[in-house]
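Shown next, in structure tokens, is the structure this report addresses.
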Amino acid sequence: MGQELNYALFGKRVCSRRKALHITQRALASMLDCTPTHVSNIENNYTKPSLECIMRICSILEVTPDYLLLGIDRMGGEEDDRLEIQDKLCLCTKEQRHLVSRFLDVFVEENQTKHQ
């Protein structure tokens with residue numbers, strides 16, 4: 001039997017990717033020819049999108065269906081790393097995200113020091 005779809009995670013991935021691309025719910029809704037409420041309902045797992053809607057979301061957000069539906073990246077490269085990190089951050093609390101940000105600040109500072 002195949003992997004079961006987790007629409008709650010699907011919605012979080014849509015939201016995370018949409019925000020990463022600086023697209024509002026209203027703008028995504030316009031591109032999908034639906035209402036912002038429908039986009040919100042998808043992102044918050046109140047509505048399961050149709051296959052056609054999923055494919056259009058993937059196209060607009062420039063990700064594969066495997067990524068949005070299953071969390072599997074098949075694009076390769078640096079963009080995969082960013083998407084994976086965004087996906088994981090989506091599942092963290094605000095406090096946990098703040099802590100991760102502080103860790104990243106240390107790494108960035110270290111890299112800047114090395115390159116001076």
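Is it fair to say R56 is under 23 Å from L91 (Cβ atoms), of a type in the set (D, E, K, R) and in contact with a helix residue (DSSP H, G or I) (Cβ under 7 Å, 6 or more places away or on another chain)? For R56, the condition - under 23 Å from L91 (Cβ atoms), of a type in the set (D, E, K, R) and in contact with a helix residue (DSSP H, G or I) (Cβ under 7 Å, 6 or more places away or on another chain) - is not met. For region 43-70, the set of residues classified as without any contact (Cβ under 8 Å) to a residue 40 or more places away in the chain, among the hydrophobic types (A, V, I, L, M, F, W, C) and under 17 Å from A20 (Cα atoms) consists of C58, I60, listed by residue number.
Taking the criterion of being among the acidic types (D, E) and under 17 Å from P65 (Cα atoms), the residues of region 3-49 that qualify are E4, E43. Looking across region 16-28, the residues that are within 21 Å of I72 (Cβ to Cβ) and either modelled with pLDDT of 95 or more or surrounded by fewer than 19 Cβ atoms within 10 Å (Cβ to Cβ) (or both) come down to K19, A20, L21. Scanning region 21-45 for residues that are closer than 24 Å to E84 by Cα and in a loop (DSSP other than H, G, I, E, B) returns L21, H22, I23, T24, N44, N45. Of all residues in region 29-72, those satisfying the criterion of being loosely packed, with under 15 Cβ neighbours inside 10 Å, within 12 Å of F10 (Cβ to Cβ) and charged (D, E, K, R) are K48, D66. Residue count for region 90-102, restricted to those that are surrounded by 10 or more Cβ atoms within 10 Å (Cβ to Cβ) and at pLDDT 80 or above: 6.
The values are calculated or read from the model by the stated rules, or taken from the named source; none is laboratory data. As the structure is a prediction and not an experimental result, all values here were calculated from the model. Methodologically, a virtual Cβ is constructed for each residue, glycine included, from the backbone with ideal geometry; neighbour enumeration extends over all protein chains shown.
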